[in-house]
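Chemist: Quick one: this structure, given as structure tokens, is what I'll be asking you about.
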Amino acid sequence: MDRRKSIQTIILGAGASALAFHGCKTDGPDTAKDAVAAAENTHYFGRTPEELELIEKLNAEQLFTEHEMETIAILSTVILPPREPNGGPIEAEVPEFIEFMGKDIPELQLTLKGGLMWLDHKSNTDFGTEFKLATLDQQKQILDTICYHDIEKPLDVQPLEIQFFYLMRGLTVCGYYSSKVGVAELGYKGNTPSVWDGVPEDVLEQHGVSYDPEWVAKCIDQSTRNEIATWDEKGNLLT
């Protein structure tokens, strides 16, 4: 399951409520073929033609206004402040990720756009300025009123602003930690197999047995176990 589908499953499973918006149609039957060609040597490697066609379609659409994207950028950094040396949500392109997921899951759009409107309304009412221009302390004061939800009630029956922050927090964290920047922050280097060097020599001697040299010669050279595999641009293992 790819990053998009994994997070789509997480978000829909959380029960975020919204109304579906109308999407655009694809440009034609050659779209997928063109997308496959354009996707070579990019992070879209391994996608099916259908997935590439959908990605191209969604990337061509615009969900948020420039103001809304700026607000999302500010909000994401309040939720998850930048971390040295790898950076924060902006470096991880979390705002772009959130817009993509909003286009990919239309059911989220009402909650996202409605929540952004609520933020500006609340900020203007309380502090006389839109949310993105408020001070960090003022922004936190606003978010403190919506960052907790009643766990005794289904999320989709709670106020829209509560649903909005719950959704934005999840998207920010998922977007960041599924990005190259977030993975670097975690220090994750991929799955590492366990290594067994065989029965210790002293134990073998106690039982009067030993490994067959011919059999040992066929085993993997453990001295190379820390070497990093290399791949070509098409995903084929080289060494």
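The values are calculated or read from the model by the stated rules, or taken from the named source; none is laboratory data. Predicted model only: the values in this text are computed from it and were never measured. Heads up, the Cβs are rebuilt from the backbone with ideal geometry, glycines too, and the neighbour counts pull from every protein chain shown. Each accessible area value is taken on the protein alone, full model and side chains, heavy atoms only, with ligands, DNA and RNA left out. Shrake-Rupley method; radii C 1.70, N 1.55, O 1.52, S 1.80 Å.
Chemist: Taking the Cα centre of the range 60-186 as origin and charging only Cβ (+1 Lys, Arg; -1 Asp, Glu), how large is the dipole, in debye to the nearest 20?
Modeler: About 180 debye.
Chemist: Using the Cβ atoms and a cut-off under 12 Å, what net charge is assigned to the surroundings of Gln163, where Lys and Arg are +1 and Asp and Glu are -1?
Modeler: Details: positive: Lys153, Arg169; negative: Glu107, Asp150, Asp156, Glu161.
The answer is -2.
Chemist: Take the Cα gyration tensor of the range 60-186, multiply each eigenvalue by 5, square-root it, and list the three semi-axes largest first, rounded to whole angstrom. Before the final figure, lay out the partial values.
Modeler: Values: eigenvalues 94, 62, 48 Å².
Rounded to whole Å, the semi-axes are 22, 18, 16.
Chemist: Now a separate question. Karplus couplings for the range 168-177 from phi (6.51 cos²θ - 1.76 cosθ + 1.60, θ = phi - 60°), rounded to Hz, Gly and Pro as x?
Modeler: The phi angles translate into 5, 5, x, 5, 5, 5, 5, x, 5, 7 Hz.
Chemist: Just give me a number: lysine pairs in the range 60-186, eight or more positions apart or cross-chain, with C-alpha atoms less than 19 Å apart. Could you put the intermediate results ahead of the total?
Modeler: Details: Lys103/Lys113; Lys113/Lys122; Lys113/Lys132; Lys122/Lys132; Lys122/Lys140; Lys132/Lys140.
Value for the range 60-186: 6.
Chemist: Sticking with this one: What does the charge dipole of the range 158-213 about its Cα centre add up to, to the nearest 20 debye, if the Cβ of each Lys and Arg holds +1 and the Cβ of each Asp and Glu holds -1? Write down the numbers at each step before the final one.
Modeler: Working: 3 positive and 7 negative charges, 142 e Å.
It comes to approximately 680 debye.
Chemist: So for the range 60-186, taking the charge dipole from beta-carbon charges (+1 Lys/Arg, -1 Asp/Glu), which of Val183, Thr129, Thr71 sits furthest toward the positive end?
Modeler: Val183
Chemist: For the residue pair Asp126 and Asp212, what label-to-label distance in nm results when each label sits 7 Å from Cα along the Cα-to-beta-carbon direction?
Modeler: Distance between label points: 7.5 nm.
Chemist: A follow-up question, please. Collect residues whose amide H, placed 1.01 Å from N in the peptide plane, falls under 5 Å from the amide H of Gly87; neighbours closer than 5 in sequence don't count.
Modeler: For Gly87, whose amide H was placed from the backbone, there are no distant partners under 5 Å.
Chemist: If you roll a 1.4 angstrom probe over the protein chains with everything in place, what fraction of the accessible area of the range 127-239 belongs to carbon and sulfur, to the nearest %? The partial results should precede the final answer.
Modeler: Values: 4640 of 8390 Å².
Carbon and sulfur atoms account for 55 percent of the accessible area of the range 127-239.
Chemist: Just add up the charged neighbours of His67: K/R +1, D/E -1, any other residue whose Cβ is under 11 Å from the Cβ of His67.
Modeler: Numbers: positive: Lys132; negative: Glu66, Glu68, Glu70, Asp120, Glu130.
Charge balance near His67 sits at -4.
Chemist: Once you keep just the Cα pairs under 8 angstrom separated by 6 or more residues, what percentage relative contact order results for the range 60-186? All intermediate terms of the calculation are to be shown ahead of the outcome.
Modeler: Details: 126 pairs, mean separation 41.7, N = 127.
This gives 33 percent for the range 60-186.
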